[in-house]
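As structure tokens, the structure follows; a few thoughts come after it.
Just so it is clear, none of the values below were taken in a lab; they were calculated from the coordinates. What you see is a predicted model; the values in this text were computed from it and never measured. FYI the Cβ positions are ideal-geometry reconstructions off the backbone, even for glycines, and counts take in every protein chain you see.
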């Protein structure tokens, strides 16, 4: 279903948004449990242990995604490439849109706002098993940079295979820089 998103906004999260992001990360990690065999804690919760780094380390930023005023997702970005060790690269560490608004342009609008938020080199790492995300990111990045991007295979230390999308953004307007 291709429905144009209405009023999609990407807002820089503050430490006071920590519990909101934890709740969204629970849903995000739950989605990956199917592929990774993850299990919830004894309390029935999927956690994301790296979230505190987004409040304490420079070069990291968390964003909330809203559509029509409702909370619908998040993005986590870190400065520095995990693939090439290039400290200038902006890495989309995590990106999530709730299932109820997927395939309506919300993710694309939020991703484009994210790329406009900071000029420079960007990388998006996507696990090979996540076929839907491969298609999403290829389409979103292709539209954003008009086909001026590279896709490179990458194998993590744990042996999992990923594709890395690389491109440059000229920036423009958006939430404060990372």
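As a rough footprinting exposure proxy, the listed residues 151, 141 were ranked by other beta carbons within 10 Å of their own, and the order from fewest upward is 151, 141. Highest mean packing first, where packing is the average number of other Cβ atoms within 10 Å per residue, the peptides 9-20, 69-80 line up as 69-80, 9-20. Per residue of the chain, the DSSP helices (runs of n ≥ 4 H) give a summed -39500 (n - 2.57) that works out to -9000 deg cm²/dmol at 222 nm. Here the relative contact order of region 2-82, from alpha carbon pairs under 8 Å that lie six or more residues apart, stands at 37 percent. Could you work out the relative contact order of region 8-169, using alpha carbon pairs under 8 angstrom and six or more residues apart, expressed as a whole percent? Relative contact order for region 8-169 comes out at 17 percent.
Spatially, region 31-85 and region 95-117 are offset by 15 Å when compared through their Cα centroids.
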